[in-house]
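Asks: Got a structure here, written out as structure tokens. Questions coming.
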Amino acid sequence: MATRTIAMKLVLGLAAIAAISSTASAAQIDHVILGIDDLDRGVKAFEAATGVKPVYGGKHPGGTHNALVSLGDGIYLEILAVQEGVTVPADYADLKKMKTLTPVGWAVSSSDSAELRNRLSAAGIAVSEPVEGSRTTPRGATLSWQSFALNESSPEGPFFIVWSEQTAHPSTTSPSGCKLQRWSVASPRVKDLEQLRQALDLRVDVAEAKAATMRLALACPKGAVTF
């Protein structure tokens, strides 16, 4: 009888843990960013390589604009360039040097900002205070989000984004056809990236390298494509 009672308690305990886990907001790659010096040329190059034509996403207040492609599973790809006739923002000066589509960044998302920040804090990963952001699509819809960054930021590290409940996620409104096969990040700070990957159980490959590099592999209508 005692053995049965202990077994029942174990089952109930495991069920409670499962219930807690099921209520946790999963973190995942939200989007990956390809930079280029000219957005129109970037859109044409992406379509030629993949068979999928990105849709114009809109302008950011900071002087950039983008085009988007859905990668499915709540993930999308952003092609980013500086707007025509705009003074190049200091943070995006390198975009004007990119003649081909080049991985320049990535974002991690969750539906719960406080929980995401708590998980990072529990793993010893410090982040900045959240900042509100938005942009207007060509159709007049306003996309709103909250974002924050790693305190010890690096070009190969992600930033974090939590979309407003009223905002349709870009992965649901952008052209489909391509799927994310692999997102790989190499860095001199591989231990920090591995710590982040494990803390949030992210679908990203990390490796050690003397210089930071990022690599994106897609499966598209024209076959496998790597940037």
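Bear in mind that the values in this text are calculations on the coordinates, not laboratory data. This is a predicted model, so every value here is computed, not measured. Cβ placement follows ideal geometry from the backbone for every residue including glycine, while neighbour counts extend to all protein chains displayed.
Asks: Which of E78, E129 has the fewest other C-beta atoms within 10 Å, and how do the rest follow up to the most?
Replies: In order of increasing Cβ crowding within 10 Å: E129, E78.
Asks: Ok, one more. Could you order peptides 38-45, 146-153 by the average number of other Cβ atoms within 10 Å of their residues, highest first?
Replies: 38-45, 146-153
Asks: Here is a follow-up. Could you identify which residue out of V204, V32, V86 has the top mean-square fluctuation in a GNM of the chain using Cα springs shorter than 10 Å?
Replies: V86
Asks: Using the Kyte-Doolittle scale, which helices in the chain average at least 0.5 and also have C-alpha atoms spread 30 Å or more along the helix axis, with helices defined as whole DSSP H runs?
Replies: Correct list, ordered by number: 2-23.
Asks: Continuing with the same structure: Which ³J(HN,Hα) values, rounded to whole Hz and listed in residue order, are derived for region 211-227 from phi using the Karplus coefficients 6.51, -1.76 and 1.60 in 6.51 cos²θ - 1.76 cosθ + 1.60 with θ = phi - 60°, glycine and proline given as x?
Replies: Coupling constants for region 211-227: 10, 6, 9, 10, 9, 10, 10, 10, 10, 10, x, 8, x, 6, 10, 10, 10 Hz.
Asks: In addition: Once you have a ≥ b ≥ c as the square roots of the Cα gyration tensor eigenvalues for region 26-226, tell me rounded if a/c is under 1.5, and otherwise prolate or oblate according to whether a/b is larger than b/c.
Replies: Verdict is rounded for region 26-226.
Asks: Do any of K44/K210; K44/K97; K44/K99; K59/K179 go past 23 Å between their Cα atoms, and which?
Replies: Pairs exceeding 23 Å: K44/K210; K59/K179.
Asks: Further, regarding this structure: With +1 assigned to the C-beta of every Lys and Arg and -1 to the C-beta of every Asp and Glu, and no other charges, what is the dipole magnitude of the chain about the Cα centre in debye, to the nearest 20?
Replies: For the chain, the charge dipole is close to 560 debye.
Asks: Within straight cross-link reach of K96, meaning Cα distance under 13 Å, which aspartates and glutamates are found once same-chain residues fewer than 8 apart are removed?
Replies: D37, D38, E84
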